[in-house]
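Engineer: Let me give you the structure first, and then I'll get to my questions.
The values are calculated or read from the model by the stated rules, or taken from the named source; none is laboratory data. Here the structure is a predicted model, which means the values were calculated and not measured. Neighbour counts are summed over all protein chains in view; Cβ atoms, including those assigned to glycine, are modelled from backbone coordinates with ideal geometry. Calculation scope for accessible area: heavy atoms of the full protein, side chains included, ligands and nucleic acids excluded. Shrake-Rupley method; radii C 1.70, N 1.55, O 1.52, S 1.80 Å.
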Amino acid sequence: MTGLAALRDPALVLALAEEIRRTATRPWTIMEVCGGQTHAIARYGLEELLPDGLELVHGPGCPVCVTPAETVDRAARLAALPNVVLATFGDMVRVPGSEGDLFLARARGARVRVVASPLDAVRMAAEDRSETVVFFGVGFETTAPAVALAVRQAAELGLSNFAVLVALVRVPPALEAILSGPGNRVRAFLAAGHVCTVMGLEEYEPIAMRHRVPIVATGFEPVDILSGVLAAVRQLEAGQARVENAYARAVGPRGNAAARSLVLEVFEPCDRHWRGIGPLPGGGFRLREPYRAFDAEERFELPSEAPREAGECIAGLVLRGIKKPYECPAFGVRCTPDRPLGAPMVSSEGACSAYYRYRRVGA
Amino acid sequence: MAHGGGGTVMRRLIERMFFAALDRGDLGAAADAAVLALTGGELALTTDSFVVRPRFFPGGDIGALAVHGTVNDLAMVGAEPIALTAAFVLEEGLPTEELWAIVSSMAAAADEAGVRVVAGDTKVVERGHGDGVFITTTGLGRVVAPWPIRADRIRPGDALLVSGDVGRHGMAVMVARGDLAVESDLASDCASVHRAVLALIEGGVEVRAMRDPTRGGLASALNELASSGGVGFELRERDVPVDPRTAAVAELLGLDPLYSACEGRFVAVVPREQAEAALDILRSVPVSAGAAAIGEATEDAGRVVVRSDFGTRRMLPMLSGEQLPRIC
């Protein structure tokens, strides 16, 4: 057995689950940070394998979900400008802004193209210089290297018709905010493996120390996730609070040096508003001075707007792990993937979409 | 609009291309309607329109799809195809060689399926008012199943079979669109399945109901069967055949093969005691050589449940809307 099959091996999964049941003597609440992990947990029904008192709560690790509605509105407004094409990842197009989503904007005549990579957007700009291509740069540290590469490539090609609407966010400040927030129940984190692959583990040390929580870098397959849970439970039971790597096949302690230095060459940390969570100091990236000319918000003067949210959506509570999606009165009734009130219902990494899609039997 | 006015240019296009490729003795009469001689029994009639981007993809094209899709719809009620009609809406500027390739592929698919194209129509729309080519096919079939094949005949405990690996067409087309920078040698499963269906019926398998899992994939087909049959299904995830290449593309794009379209597969619900015999029959027909038993019907009306390799169970709900590739 190789590759994915080994990471989904029933015998190994059941053995890990048994070891977790043996190790946990008390109730614990553990947050998996990344929406990809949330989806795997729901998809494989992993919670059914855990002991009763051990609860997994779902974190804010869904870049699409934490992008504010006003940023979606701004993207729609850019796309509607003459001679502008907005290039975006697919799962952003159904995310509701305050005036509808990008699908609706396209139906009204705005130009929105779905791309799989920011480099595709650079290629579009190079092929037709009569139009400006604005890439909607949504993502975590995982996506930041590709966006950084796109900006550097556009700079090297001298493409004055390429720009980025930067909505990149950084994970560590969000963990800090969750632990400091009122009503926090999280006792340990499964850190997002892909983010750690790029940035390494150092940034988590001060958080683990200050808040006395284990932080375990964890992957995305059933064996990865249960290995992360087991490592966290072992630490919790032993009263430890270390940064630990349960995803060593992809994560080195200092991350990917080339990707990290590329990100830090093009971007610098800045304060950023997270949808549902609020303003986070250091919660985002913005372009550094030499690359500032590629910032769509500088290039096009757009009115800045106050944050607006759908009244009934409890995305903020879901993203902080305080409520489960099914505790929302609108869940599955007034809020579905076809008619979403909030981003977590549409994104492929959103907790609400995971619960909607992979409903447990009897739930 | 060179080809749209109904005059001699149009006539030449139709004669040259459509007759040359598709005529098997019925089109040449150039009358306003085909006349068919039929004997007793029940008939099945179905119609479907085909739009696909790109028009050509590994394993097929819109022409082959328009034949197979309609033949398969007939097969799902236990009917053998007799005749098809084909209506084309062509966008001005469609390259002639492309149209020829599509029409030839239709002809090959129809010959292979043993069905005649007996009537047709062509309209040309202005450039910008169509997407190259739209094809509507109508199929007439003779019902050969001696009992009705309908969802309300499904009983709890019946076995659920699928005729081959699922999700291939949807993923192959997504790769072929080429805007995702994903490469794969994955080919669509696009094929007519009626021979497998007829073999089951001739082999005495008392097929309760069938469905071809096109748009929305296996998950949607089972939900439709469950809600119209007033039963549920429980699926064993490990038994559902998925080609490793389909799985790899789906994994990469964050999509689920169970919701991805097939164009040459069907699910059949059969009495449990006939499941083994039915599988043997299916596996002896090339188009369903990869058949597998994947689960059973339950009393839990309208609910489709998947049991994972780990023994955990989750719902497989009906999802609407297109699956969108994910961000990272």
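Engineer: Report the one residue of A:Leu46, A:Leu119, A:Leu287 whose Cα lies farthest in the direction of the positive end of the charge dipole of chain A (charges on C-beta: Lys and Arg +1, Asp and Glu -1; origin at the Cα centre).
Structural biologist: So the residue furthest toward the plus end is A:Leu46.
Engineer: May I ask for the distance between the Cα centers of the stretch B:218-277 and the stretch A:243-263, given as a whole number of Å?
Structural biologist: 39
Engineer: Using unit Cβ charges (K, R positive; D, E negative) and no other charged atoms, how large, in debye to the nearest 20, is the dipole of the stretch B:151-315 about its Cα centre? Write down the numbers at each step before the final one.
Structural biologist: Working: 18 positive and 25 negative charges, 40 e Å.
Its charge dipole is roughly 200 debye.
Engineer: Just to check I understand the Karplus step: with θ = phi - 60° and J = 6.51 cos²θ - 1.76 cosθ + 1.60, what whole-Hz values come out for the stretch A:333-344, glycine and proline as x?
Structural biologist: Once θ is set to phi - 60°, the couplings for the stretch A:333-344 become 10, 8, 10, 9, x, 7, 10, x, 8, x, 4, x Hz.
Engineer: Still on this model: Mind putting a number on the dipole of chain B about its Cα centre? Charges go on the C-beta only, +1 for Lys and Arg and -1 for Asp and Glu, and I need it in Debye to the nearest 20. Numbers along the way, then the final one.
Structural biologist: Working: 30 positive and 44 negative charges, 49 e Å.
Rounded to the nearest 20 debye, it is 240 debye.
Engineer: Which cysteines does chain A leave without a neighbouring Cys Cβ under 4.7 Å?
Structural biologist: Singleton cysteines: A:Cys34, A:Cys196, A:Cys270, A:Cys313, A:Cys328, A:Cys335, A:Cys352.
Engineer: Expressed as an acute angle from 0 to 90° and rounded to the nearest 10, what is the orientation of the C-alpha long axis of helix B:244-253 relative to the principal long axis of chain B?
Structural biologist: Between helix and principal axis, roughly 80 degrees.
Engineer: Assuming a ≥ b ≥ c are the square roots of the Cα gyration tensor eigenvalues, decide whether the stretch A:233-358 counts as rounded (a/c under 1.5), prolate (otherwise, with a/b larger than b/c) or oblate. Show your work: numbers first, answer last.
Structural biologist: Numbers: a/c = 2.16, a/b = 1.09, b/c = 1.99.
Verdict is oblate for the stretch A:233-358.
Engineer: Can you classify the stretch B:151-315 as rounded, prolate or oblate using the Cα gyration tensor, where a ≥ b ≥ c are the square roots of its eigenvalues, rounded means a/c under 1.5, and otherwise it's prolate if a/b beats b/c and oblate if not? Can you show the working numbers first?
Structural biologist: Numbers: a/c = 2.02, a/b = 1.37, b/c = 1.47.
It comes out oblate by the Cα gyration axes.
Engineer: Could you point to the residue in B:Ala248, B:Ala101, A:Phe89 farthest towards the positive end of the protein assembly as shown's charge dipole, with +1 and -1 charges on the Cβ of Lys/Arg and Asp/Glu respectively?
Structural biologist: The Cα lying farthest towards the positive end belongs to A:Phe89.
Engineer: In the stretch B:151-193, what residues drop by 20 Å² or more in accessible surface going from the chain by itself to the full protein assembly, probe 1.4 Å?
Structural biologist: Flagged in the stretch B:151-193: B:Asp179, B:Leu180.
Engineer: Taking a quarter of the surface of the convex hull around the Cα atoms of the stretch B:139-207, what do you get in nm²?
Structural biologist: On the way: hull surface 28.9 nm².
For the stretch B:139-207, the mean projected area of the Cα convex hull comes to 7.2 nm².
Engineer: Contact order normalised by length for chain A, with contacts defined as Cα pairs under 8 Å and 6 or more residues apart; what percent is it? The partial results should precede the final answer.
Structural biologist: Working: 734 pairs, mean separation 83.0, N = 363.
For chain A, the relative contact order is 23 percent.
Engineer: Please state, to two decimals, what the Cα-based radius of gyration of chain A comes to when divided by 2.2 N^0.38 Å (N = residues).
Structural biologist: Working: Rg = 20.5 Å, N = 363, 2.2 N^0.38 = 20.7 Å.
Expressed relative to 2.2 N^0.38 Å, the Cα Rg reads 0.99.
Engineer: OK, next. Between the helical axis of B:217-229 and the dominant principal axis of chain B, each derived from Cα atoms, what acute angle in degrees is found, rounded to the nearest 10?
Structural biologist: So the inclination is approximately 70 degrees.
Engineer: While we're on this one: Using a 1.4 Å probe on the heavy atoms of the protein chains only, list every residue of the stretch A:329-363 that has 50 Å² or more less accessible area in the complete assembly than in its chain alone.
Structural biologist: Hits at the 50 Å² cut-off: A:Arg357, A:Arg359, A:Val361.
Engineer: Another one. So, with a 1.4 angstrom probe, what is the percent of accessible area on the protein assembly as shown that is carbon and sulfur?
Structural biologist: On the way: 14220 of 27600 Å².
Summing carbon and sulfur atoms, their accessible area is 52 percent of the total for the protein assembly as shown.
Engineer: Using +1 on the beta carbon of Lys and Arg, -1 on that of Asp and Glu, and nothing else charged, what's the dipole of the stretch A:2-119 about the Cα centre, debye to 20? Mind dumping the intermediate values first?
Structural biologist: On the way: 12 positive and 13 negative charges, 130 e Å.
Approximately 620 debye in magnitude.
Engineer: Tell me: how much accessible area in total is hidden between A and B, 1.4 Å probe, Å², nearest 100? Don't skip to the answer; put the middle values down first.
Structural biologist: Details: alone 15300 and 15030 Å², together 27600 Å².
Buried area (both sides, nearest 100 Å²): 2700 Å².
Engineer: Over chain B, what is the relative contact order in whole percent, taking alpha-carbon pairs under 8 Å and six or more residues apart? Don't skip to the end; give the middle numbers.
Structural biologist: On the way: 747 pairs, mean separation 70.5, N = 328.
Rounded, it is 21 percent for chain B.
Engineer: Could you identify which residue out of B:Gly178, B:Gly295, B:Gly264 has the top mean-square fluctuation in a GNM of chain B using Cα springs shorter than 10 Å?
Structural biologist: Largest GNM mean-square fluctuation: B:Gly178.
Engineer: Per residue, what accessible area does the protein assembly as shown have, given a 1.4 Å probe and all protein chains present, in Å²?
Structural biologist: Values: 27600 Å² over 691 residues.
Here the residues of the protein assembly as shown average 40 Å² of exposed surface.
Engineer: On to the next question. What percentages make up the Cα-Cα pair-distance distribution of the protein assembly as shown when the bins are 10 Å wide from 0?
Structural biologist: 3, 14, 22, 23, 19, 12, 6, 1, 0
Engineer: To test your reading of the geometry: what angle, between 0 and 90 degrees and rounded to tens, separates the Cα axis of helix B:96-113 from the longest principal axis of chain B?
Structural biologist: Approximately 50 degrees, to the nearest ten.
Engineer: Right, something else. Using a Gaussian network model of chain B with C-alpha springs under 10 Å, which one of B:Ala113, B:Ala278, B:Ala34 is most mobile by mean-square fluctuation?
Structural biologist: Its mean-square fluctuation being the largest, the pick is B:Ala34.
Engineer: For chain A, set up a GNM with springs between Cα atoms under 10 Å and report which of A:Met31, A:Met199, A:Met124 has the largest fluctuation.
Structural biologist: Fluctuation is largest for A:Met124.
Engineer: Something else about it: Using Cα pairs under 8 angstrom and six or more residues apart, how large is the relative contact order of the stretch A:315-357, in percent? Before the final figure, lay out the partial values.
Structural biologist: Values: 41 pairs, mean separation 13.8, N = 43.
Dividing the mean separation by the residue count of the stretch A:315-357 yields 32 percent.
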